[in-house]
Structures are given as C-alpha cells and as structure tokens.
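The values are calculated or read from the model by the stated rules, or taken from the named source; none is laboratory data. Note that this is a predicted model, so its numbers are computed, not measured. Glycine also receives a Cβ, built like all others from the backbone with ideal geometry; neighbour counts cover every protein chain displayed. These area figures cover heavy atoms from the full protein model, side chains too; ligands, DNA and RNA do not enter into them. Shrake-Rupley method; radii C 1.70, N 1.55, O 1.52, S 1.80 Å.
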Amino acid sequence: MSRVRADEEEYWHSSKFRAFTFDDEDDELSQLKESKRAVNSLWDIVDDDDDDLERVSWSGEPVGSISWSIKETASGSTSSLDGRDSSVQKGSSSYAALPKQASSYSLSSLFKGRNKLPSFQSLSDALSDSGVKNYAPELRRPRAEYKDYSSDWSPKDTVRRMQRGKVCSLERFRSLQDKLVLLDEAVAGHDGNVITAVLIFLKRTLRREILFRELEVRQVALCHLIHFLRETGEQKFLLDLLRFLDRTEEVALSQYREHLNIQDVEKRREFLKGCIGLPFSAEDTSHIQDHYTLLERQIIIEANDRHLEMAGQSELFRKYPRKASILNMPLVTTLFYSCFYHYTEAEGMFSSPANLKKTFKIPDKQYVLTALAARAKLRAWGDVDALLTTKNWLGYTKKKAPIGFHRVVEILQRNSAPVQVLQEYVRLVEDVETRLNLATKYKCHDVVIETYRDLKDRIQLTAYKCKVERGSADEEKINSILNN
C-alpha cells in the first residue's frame, strides 16, 4: 500500500500541471481559464501544421494522445459539440485520478493521417482498424437525409415515399387542386393506409361541404372514409356525409346502431320504438319492429321470473336456478329459455314458447331443434316424444322430425338419454347405412340385429354376435334368427 501511494505521489509531482483541488481557492480562476483555453483550442490543433507543438489537458496528458481522444469521445458521445466545454470542466476531477498514459501521438496526426513516429498508422488504416472504429466520432448526416422535411416533393413522389414508410409532411399542399391531386395519386397507388392518411389530412383541412362534394365523384376514397368513420365512431360526421349523399337507409341504420351504446333497458326500448319510423327498407323495418317487440317481451318475462325466483314459489327455479338475465338476448336464446322454464304455459302467455313461435314466425325446423334441446336437457323424454309426434286428419299418429331423426339421436345422446329412448329414434332413421352406424356407435344392439335380419346378411350377423355379451338376450336373439 505504501508503494502504491508513493507511485501516486510521484505521478502528481511529475505532472506538467498541478491537479485541481478545492483547497486551492486562490488559483481556481486561473485553472478554469487555462482548462477552457485547452479545450477551445481543439480546432486549432486540427488546423495547425506544427505537429511538434504538444498540448496538454487538465490531467496532464498530451491533448493529441490516443487515450485523451478515447476519453473525449466516450464522455461526449451523448452531448452536443457546444456542450463539451462544460463536460470537460465537470469531469476534470475524474481525469486527474487516472494514471498518466505515455504517448507521443497528437490529435492533428490522427485527423491528418501524419505519422509522428514511423509506427503510427495512416487515417485509412486507423478507420479500417476495428479498435479505432468503436471510438471514431460520428459524422454529421448529409443534407440529403433531411429532404423529407425541406424539399418540395410532388404529390406522386409524396405518395411513393409514404408507401415506403417514410415520413412526409402534407402541410405544404395548401391549394384545393394540390390536395385533390394528392388524393388521386393515393387512390391510384392502391394502398389503403396511404389513402386513409390523405383522407384524414383532407378532413382536417377542408370544409365539409367541399370535401363531400369532391368525394362524391371519387367512390373509392368515399368508401375508405365511410369505413374509417365507422371504425373510429365519429357518428355525427358520418351522418352528415350520408345525408349529403342522400343515402337515407344508411342514415337510418347508423342511427339504429346507436342502441348498442345504451345500457339502460327502458331507454333502449324507447330508442328502438323511435327507430321504427326511420326510413328503412321494408325488410329492415320488419326486423326493427321484431327487435322492439322482443325486448318488450323480455322485460315482462324478466320481471315475472325474478319475482318467482326470489319468492321461491317455483320448484323448477329452485332446482335449476337462472344463470343470467334474459334481457337483450337473441330470439333463439329467448325461445330456449321459454322452452326450459315455461314449456307448459298456454299460448296466451307472453312467456309461452307457442306464443313466441307465432309472434315472431319461427320456422318449424328452428322451433323443434330449440325445444328438443331444452326438454332433453331436463330429461323430459315424454315431452320429446310429444314434440316429435304428429296426428293426421284420420286420427293416426306418427313420428316426424323436420330436422331429421339422425340429429334427434345426436341431441338425445348428448343429454345422456337411455338406450331404450335412443333405440326408438334410431329405428326411424331411413338411410340403412346411417342407421347401422348410429346403432353400432351408441350400442343399440336390437337395432343392429333387426337391420341385419331385414337385409338377410348372415355373415354380418354372425360377426356381430362376437360383439354382444355372452349369454345375454341379444345373443339368444341372434341365435334364434340364425337357426330360422
């Protein structure tokens, strides 16, 4: 430790300039002035032809040395050239703590490529050296890099640069003619992002009447703007545009779409009631009327069922509590809910499935599919049988399924129907191959045996005998058929 301390003391005593300390208050001003002169003389060193003139920094190292250049580059890489004076002054104490680097290279020889000693590299060699590259100062960007902000690009060139993702200022297009040419060039480029960017610029800088008039004859740009307004939710601007274009049905649909933003159910009902008188097409008017009627029914059903559920008067609500409110649900969901909780109600009740079917003209196929799923979930097999049983004018009954009996079997199987129930409907599948596949898949042995018997397929019946349980009634039935 004493030897290291002695070396440090020898270094400070051998320095050409005495290190700065806070104790030297009398000499503080002269030291600051001398440091500032040393830093400000950097450019003079570059231009100075006298390489023998050796300059020193505050730490005592030669200003032109490689170590000094590396320190200056590393400390000033994040600061501007104008702020280097203060940076060097503030970091003087840290420089003084570093050991002295013996070097005979000057900063002027580094920039001019001159050799002070025979072993010194030229400028090209210094730049090609990987060690020097890391510390080479960054040169100023060429003026051509700033053309995007200063040059007067044409509309066509501007669109091309925007397509390449470069930043371009559109504010220099001030006249209406230039803006329209810019829009036409953007449309001709077939780039939706560029078209939208130009439309946003025109929307901000042009009056609405002028913009609407010019877009009326530019349908591609018009479609882009309408889509953009719908995505951003600028409803008022969109309605003004559609009214200018005399698109009354689109205006009505845009106003109708506002009901999605209304959370209160009573306010939504009143809003839908007001939408009925809007200039919709005949088909759309019918849908709006059904939407209003459905919400009105849902409000009534929800109020009654909530009361029954809270009072505990219904066994069905106690056994199967409601998982969600019926309000604002689609028609099919409302029908399923009605078939689940109100299947036996008379047609005159608003919550009756028959009333919903009649009011909203639900097709038989949709009604049977929804009702079958609801009753099968409750395992009400009697209701399933009644749903699929029809009676003709002579009083004869038969099974009929608008959705096909193969779909009936699949729905019943998903709801864990017994094999006896499944077999009854598997037999009703008309296609033989489909019937055999379903019967084999769901282990309806009676159906498989009867089908092979009707087909008189002794080989398949013998092979199927290995799939049934030994000594069971199914095996005895197969043996009886084979013996006869």
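Below, the figures for the structure above:
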quantity: Some residue of region 200-209 being surrounded by fewer than 15 Cβ atoms within 10 Å (Cβ to Cβ) and at pLDDT below 90; calculated: no
quantity: Any pair with Cβ under 7 angstrom, 6 or more apart, that starts in region 232-248 at a residue that is free of Cβ contacts under 8 Å to residues at least 60 places away in the same chain and ends at one that is not in a helix (DSSP H, G or I); calculated: Leu245/Glu216; Thr248/Pro279
quantity: Number of positions in region 273-307 that are more than 25 Å from Ser352 (Cβ to Cβ) and in a helix (DSSP H, G or I); calculated: 6
quantity: Within region 379-400, considering residues that are part of a loop (DSSP other than H, G, I, E, B) and either in contact (Cβ under 8 Å) with a residue 40 or more places away in the chain or small (Gly, Ala, Ser) (or both), the one least open to solvent (accessible area, probe 1.4 Å); calculated: Ala380
quantity: Qualifying position, being assigned to a helix (DSSP H, G or I), more than 27 Å from Met162 (Cα to Cα) and touching a helix residue (DSSP H, G or I) at 6+ places or on another chain (Cβ under 6 Å), among Glu250, Glu270; calculated: Glu250
quantity: Subset tally (residues that are under 18 Å from Thr334 (Cβ atoms), of a type outside the set (Gly, Ala, Ser) and exposed (fewer than 14 other Cβ atoms within 10 Å of the Cβ)) for region 267-289; calculated: 1
quantity: Near pairs, Cβ below 6 angstrom, 6+ apart or cross-chain, from region 415-439 (under 18 Å from Asp385 (Cβ atoms)) to any residue that is of a type in the set (Phe, Trp, Tyr) and assigned to a helix (DSSP H, G or I); calculated: Val421/Trp381; Tyr425/Phe405; Leu428/Phe405; Val429/Phe405
quantity: Filter pass, Gly395 being on the phi > 0 side of the Ramachandran plot and not hydrophobic (A, V, I, L, M, F, W, C); calculated: yes
quantity: Subset tally (residues that are under 27 Å from the mean Cα position of the chain (by Cα), open to solvent by 60 Å² or more (accessible area, probe 1.4 Å) and within 23 Å of Val217 (Cβ to Cβ)) for region 153-192; calculated: 1
quantity: So Leu260, is it part of a helix (DSSP H, G or I) and exposed (fewer than 13 other Cβ atoms within 10 Å of the Cβ); calculated: yes
quantity: Some residue of region 303-323 being in contact with a helix residue (DSSP H, G or I) (Cβ under 8 Å, 6 or more places away or on another chain), closer than 18 Å to Val265 by Cα, surrounded by 14 or more Cβ atoms within 10 Å (Cβ to Cβ) and of a type in the set (Asp, Glu); calculated: yes
quantity: Search result, residues across region 212-225 that are more than 13 Å from Gly192 (Cα to Cα), of a type in the set (A, V, I, L, M, F, W, C) and under 31 Å from the mean Cα position of the chain (by Cα); calculated: Leu215
quantity: Any chance Ala439 is more than 41 Å from the chain's Cα centre (by Cα), surrounded by 17 or more Cβ atoms within 10 Å (Cβ to Cβ) and part of a loop (DSSP other than H, G, I, E, B); calculated: no
